[in-house]
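A.B. asks: I have a structure I would like to understand better, so I am pasting it below and will then ask my questions one at a time.
The values are calculated or read from the model by the stated rules, or taken from the named source; none is laboratory data. Predicted model, so just to flag it, every value in this text is computed and none were measured. Every residue, glycine among them, receives a Cβ derived from its backbone with ideal geometry; neighbour counts consider all protein chains shown.
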Amino acid sequence: MPDFAYIARDIHGAKVTGTLFAQSEREAIANLSTQELFPLEVTQQKTASQKSVFARRVNGQTMAVTYSQLASLLRSGVPLLRAIGVIRDQSSNVVLKEVLDDVYRRVEEGTTLGEAMSRYPRVFSELAINMVKAGGEGGFLEEALDRVATFTEQYEDLKSRTTGALAYPIFLTVVGTAVVAVLIVFFVPKFASIFDSLRERGELPMMTDWLLWFSGSVRHYGWILLVIGVIAFLVAQARMATETGRRMADKWKLKIPLLGSIFQNLAVARFCRVLGTMLRNGVPILKSLEVSRDAAGNRVLSEAIGAASENISSGQTLAAPLASSGYFPKTVVEMISVAEESNTLDKVLVEIADGLERRTERRLELAVRLIEPILLLNLAGVVLFVVMALLLPVIKMSATV
């Protein structure tokens, strides 16, 4: 039986705080009422074991199967609460079982499925939470869960293929970096005294001089660089925990060479699919935009969509503000503009999402194939620089002799 912390007022208006045991939040409020206390806030307290369980993640493939099973049960006519209970009881994953048990209790108390899921961002992705919220409000929860399952499977498949493709170049990069580090820290300094005569005559090649300087700096101040790197990482991590930091990260994500357009197209595709699905189910466009903007998964695009919502409320079209934002491809804007004129916006938005997803998947495969040779070329370039920086003075000394 979980315990609940409460803040309440007694019959004299004095504030009272404490904890009590109850099966649910509703029962906790009822117990406070029998004690002539008027609850202001009631929150469930997790035990240390629960906190450690909920802090862990669940495998993406497991979550994809969970979403798919829940969609199948709902499509078969099983009530939502019973469907969650069935999946919870048959789950063999301890973390997922605990989380679904809490989601079950919250849905039983009247909380929406999306809100209950949002309490566990390490288990349910931001996309899944927003899609489920949109499906719950738009009346297409089964379709939303199916789409989330598909997204999750595609992401896990892409991650596994990317990991497999990068395993060899990453191994080479790690080994090569270790070798280069040993050369710079232990091997290169031994040449410093040998090259002193060339430096005194001003005949030491610039790249060799720079390599010797870099080697000495790493040997003497490497620990300072390490400390600065750790501090910078911690500061960046704390910054990313804020809304401003996440927005900045989303903005830079769209500017990454080769991958930026992929992230952008995926976000636009998610927005178009959710918006088109909600419009097809009869949800008003302003409400659909309010929900679908979060499904994009990118705060910069969400702001642009929010600006479009304001223009629509004043009687303008959707295409114009999306085009002025600069984050939506011109072809997408043109298709939306034509669809608004022909009153087929719901159908065209889903078609746009299908096309963007197909093109983006092909570009992702190409990007994965390009990463391997890029990493290998970078490693080869570093090794070549070190070798040439050490060989050039030796060749010059040999010629002089």
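A.B. asks: Being assigned to a loop (DSSP other than H, G, I, E, B) and β-branched (Val, Ile, Thr) is the filter here; which residues of segment 296-308 pass it? Outline the logic, then answer.
C.D. replies: From segment 296-308, those assigned to a loop (DSSP other than H, G, I, E, B) are 296-298; that's our starting set.
Within segment 296-308, none qualify.
A.B. asks: Within segment 7-47, track down each residue that is at pLDDT 75 or above, loosely packed, with under 15 Cβ neighbours inside 10 Å and part of a loop (DSSP other than H, G, I, E, B).
C.D. replies: Residues satisfying the conditions are 10, 11, 12, 13, 14, 35, 36.
A.B. asks: For segment 285-295, check the following and say yes or no: at least one residue is in contact with a Ser or Thr (Cβ under 8 Å, 6 or more places away or on another chain), in a helix (DSSP H, G or I) and either closer than 20 Å to residue 155 by Cβ or free of Cβ contacts under 8 Å to residues at least 12 places away in the same chain (or both).
C.D. replies: yes
A.B. asks: Residues in segment 336-347 that are within 19 Å of residue 282 (Cβ to Cβ) and part of a helix (DSSP H, G or I): how many?
C.D. replies: Number of matching residues: 6.
A.B. asks: Let me ask another. If you take the residues of segment 270-291 that are at pLDDT below 80, farther than 22 Å from residue 359 by Cα and under 26 Å from the mean Cα position of the chain (by Cα), which of them is surrounded by the most Cβ atoms within 10 Å (Cβ to Cβ)?
C.D. replies: Only one residue fits best here, namely 278.
A.B. asks: Select from segment 309-335 the residues that are closer than 20 Å to residue 263 by Cβ and part of a helix (DSSP H, G or I) and write down the one among them that is modelled with the lowest pLDDT. Before you say what the answer is, go through the steps one by one.
C.D. replies: First, the residues of segment 309-335 that are closer than 20 Å to residue 263 by Cβ: 322-323, 325-333.
Of the ones still in play, those that are also part of a helix (DSSP H, G or I) are 322-323, 325, 330-333.
Working: 322: 83, 323: 83, 325: 79, 330: 87, 331: 88, 332: 87, 333: 87.
Looking at the filtered set, the residue picked out is 325.
A.B. asks: Sticking with this structure for a sec: Note down all Cβ pairs under 9 Å where the first residue falls in segment 236-260 and is among the aromatic types (Phe, Trp, Tyr), the second is surrounded by 13 or more Cβ atoms within 10 Å (Cβ to Cβ) and assigned to a helix (DSSP H, G or I), and they're at least six residues apart or on different chains.
C.D. replies: 252/260
A.B. asks: Further, regarding this structure: Regarding residue 369, is this residue surrounded by fewer than 18 Cβ atoms within 10 Å (Cβ to Cβ), part of a helix (DSSP H, G or I), at pLDDT 80 or above and not acidic (Asp, Glu)?
C.D. replies: Here the answer is no, as residue 369 does not meet what is asked.
A.B. asks: Test of understanding: among 346, 294, 354, which residue is more than 24 Å from residue 249 (Cα to Cα) and buried (at least 16 other Cβ atoms within 10 Å of the Cβ)?
C.D. replies: 346
A.B. asks: Consider segment 136-147. How many of its residues are out of contact with any Leu (no Cβ under 7 Å at 6 or more places or on another chain) and part of a helix (DSSP H, G or I)?
C.D. replies: Within segment 136-147, residues that are out of contact with any Leu (no Cβ under 7 Å at 6 or more places or on another chain) and part of a helix (DSSP H, G or I) number 6.
A.B. asks: Moving to a separate point now. Is it fair to say residue 149 is assigned by TED's automatic domain parsing to the domain that holds residue 284, of a type in the set (Gly, Ala, Ser) and closer than 16 Å to residue 295 by Cβ?
C.D. replies: Yes; evaluated as a whole, the condition is true for this residue.
A.B. asks: Same structure, new question: State yes or no: is residue 181 assigned by TED's automatic domain parsing to the domain that holds residue 289 and surrounded by fewer than 20 Cβ atoms within 10 Å (Cβ to Cβ)?
C.D. replies: For residue 181, the condition - assigned by TED's automatic domain parsing to the domain that holds residue 289 and surrounded by fewer than 20 Cβ atoms within 10 Å (Cβ to Cβ) - is met.
A.B. asks: Report those helices (runs of 4 or more DSSP H) wholly inside segment 48-112 carrying at least 3 residues which are at pLDDT 90 or above and closer than 22 Å to residue 155 by Cα.
C.D. replies: 60-75
A.B. asks: Report whether or not residue 357 is without any contact (Cβ under 8 Å) to a residue 12 or more places away in the chain and either in a helix (DSSP H, G or I) or not acidic (Asp, Glu) (or both). Can you show your working first?
C.D. replies: Working: without any contact (Cβ under 8 Å) to a residue 12 or more places away in the chain: no; either in a helix (DSSP H, G or I) or not acidic (Asp, Glu) (or both): yes.
So residue 357 does not fit the description; no.
A.B. asks: Going by the structure shown, is residue 169 without any contact (Cβ under 8 Å) to a residue 40 or more places away in the chain, assigned by TED's automatic domain parsing to the domain that holds residue 393, surrounded by 14 or more Cβ atoms within 10 Å (Cβ to Cβ) and not charged (D, E, K, R)?
C.D. replies: No; evaluated as a whole, the condition is false for this residue.
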